[in-house]
Amino acid sequence: MNLLCQSSGLLFHLRPHTALDFELALGTFHVVVFGSNIMFASTLIRPAAARLVHSRQLAHRGLRLKSATRCSSTWNWAKSSSSASNDEDNSSAPTSGSPNNNDNDRNPPPSVQQSILNQCSELHSSIMPFNTSLQGPLAKNSDKGTSLPFVFLVGNHSSGKSSFINYVLGRSVQTAGVAPTDDCFTVIAPGPKDVDQDGPALVGDPDIGFEGLRQFGPTLIHHTQLKVRDGIRNQDFMIIDSPGMIDSPVNYGGMVSNNSKDRSSTSSAIMDRGYDFQGVVRWMAERADVVLLFFDPDKPGTTGETLNILLHSLGGMDHKLLIVLNKADQFKKIHDFARAYGSLCWNLSKVIPRKDLPRIFTMCLPVASTTDGEAKSATTTEALDRHALADLHQSRDDVLAEVMKAPKRRIDNVITNLHDSVHLLLMHAVVAEDVRARYSKRQLENRMQEVSSLVLGVGLSALGVHFDVPLQFTGGVVAATVIGVGGMHWFNSSKLKDAEEQLTSIEELSASFQRTHPQEVSEADEFYSAIWARIRDPLRLSLWRSGLSDFPAVSKSDVAKLQNILDEEIPRLRRLASPSHHGSKHM
């Protein structure tokens, strides 16, 4: 079908089921062709040079195509054509995943980025011995990241994780299906040729950075795998797929009743895969640069395991977590979409302690096309109009853009991880030292009482000998001294045990936190409150395990070193990594 725009003298040839947005001197227009019907509408009147915005299967005269066609994908993986003029390149919108020149100007050069990563690694490694001596909150090897940035996908089974991965990679790597198709954590990495490795080889590789998974046991190791693929589009980051989450016939932590039967079933639920799935997801998410949580219309948040993971494993990761409602093109009626979307929001509200829920990306993946260029299934076209489908495409593009930003986000995430780790260790050290000092003070007072009693007894005995007091009196004084000091030591030891239990109670630990952070408490600083909530239980366990009498003292120089990293080193690294702006000091 031909369409002649008389105002510009342009002739467009449009095939059935195509859409075109274009901007002319009179304004922005939209054209949709369904069979022999044409929908033509002007959306904005403003002076502008003739410029194409989005098109499908377009042939025209005098204008150059500027954006990728949507017949196979809305994602433009190719670089800008060399034949395009400089003016055209400057006026076109940057494609997601390949930054334009302005982005390159704002971001530090690769050498500076590598220097920032090396400095963060050195600073993190420098605090690990102190963390080990205090049995601190930082996990072993937490200072060692993976060799490449990575995107971590988690969600319900059959929510489209594998299909999305294949779509991002540009080739079929993961098996997709309605039923659960994979029970492994799959690491997909770029490489010169296709190679598959099992879990022991992946975890044993000293360079790729997954040695820390050993702590979850052999069952988890045998349920991981590495797929190295050539010709995939993510050449500078990895993608990790996770087993689809399903409900087993038990309750999950955070959604159980108060009786002991439910609590015992919670502990079995954590290990119902043969390993701590919740802990593995937490380990992966902490090291990931982007985390995608997938839901689908059939199970919009009703899978208890998914909500449990969101509550216990993904907490505190809002800055890199994207919630995706996939397969939204399956809805045939608007009230079906409203019901599923509302159900998802309702279920998320149970585990997200905020009134305002995060953005939910409603999207769909492209429908496979036939040789004629038309969709195999007409249900999607019939169910959703062009505007609704374009909105789903835009959400998909937004998610893809965030996925492709994983390498850029690695620097910010590494600095954030260092900042977070130093804060955790610093608070752990300060509060632990306060508790240890109070215990040592009581211990010293008891020792002074015992020494004083011993000195008094020895002095009386010496006076008796000096003044030739009868030996019965002197012997009685010595016996009384020994019995008295021994009894006092036993009494003081029992009181010290009671004092140790009291000092390591939740109430006393909270009192120590308030004493050591009076300004933050008076200002109701939520950041410090959140850190305290994270270290309180691990700190109590560390103090109980080592005992307050054997817990190492924290020197002022150790605290000053941590404080210097927070006050000087991290701001310096932030300035190096941040883009140039009017408020930056390094412009």
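For the range 421-538, the solvent-accessible area with a 1.4 angstrom probe is 58 square angstrom per residue. Dipole magnitude for the range 495-587: computed about the Cα centre from +1 point charges on Lys and Arg Cβ and -1 point charges on Asp and Glu Cβ, it is near 400 debye.
With R₀ fixed at 51 Å, the C-beta to C-beta distance from H222 to L456 puts the FRET efficiency at about 0.15.
Peptide packing: for 545-552, 509-516, the average count of neighbouring Cβ atoms within 10 Å per residue gives the ranking 509-516, 545-552, highest mean first. The modelled label-to-label distance between K333 and D391, using points 7 Å beyond Cα along the C-beta direction, is 1.9 nm. The accessible-area ordering, largest first, of the residues E520, E450, E286 stands as E286, E520, E450, per a 1.4 angstrom probe. Using R0 = 51 Å, the C-beta based FRET efficiency linking Q514 and D198 works out to 0.50. For the range 110-230, the extents of the C-alpha atoms along the principal axes are 49, 37, 25 Å, listed from largest to smallest.
Express in % the proportion of alpha carbon pairs of the range 304-355 at distances exceeding 16 Å. When all Cα pairs of the range 304-355 are counted, 49 percent exceed 16 Å. The accessible area of K561, taken with all protein chains in place and a 1.4 Å probe, comes to roughly 100 Å². An ellipsoid equivalent to the range 435-541, defined through the eigenvalues of its Cα gyration tensor, has semi-axes of 48, 13, 7 Å when rounded to whole angstrom and sorted largest first.
What does a probe at W544 reach in the range 487-515, counting residues whose amide N is under 11 Å from the point 7 Å along Cα→Cβ? The answer is 501, 504-506, whose backbone nitrogens lie closer than 11 Å to the label point.
Rolling a 1.4 Å probe over the protein heavy atoms of the range 497-587, with every protein chain left in place, gives an accessible area that is 51 percent carbon and sulfur. Remark: the D537-S147 segment gains 137.2 nm on full extension, using 0.36 nm per residue and subtracting the alpha carbon distance. Hey, quick one: spin label on D272, modelled 7 Å out along Cα-Cβ, who in the range 117-159 has an amide N within reach, i.e. under 15 Å? Under cut-off, by backbone N: 156-157.
The values are calculated or read from the model by the stated rules, or taken from the named source; none is laboratory data. No experiment lies behind these values; they were computed from the predicted model shown. Neighbour counts are summed over all protein chains in view; Cβ atoms, including those assigned to glycine, are modelled from backbone coordinates with ideal geometry. For the accessible areas, the whole protein counts, side chains as well, though only heavy atoms, and no ligand, DNA or RNA atoms are used. Shrake-Rupley method; radii C 1.70, N 1.55, O 1.52, S 1.80 Å.
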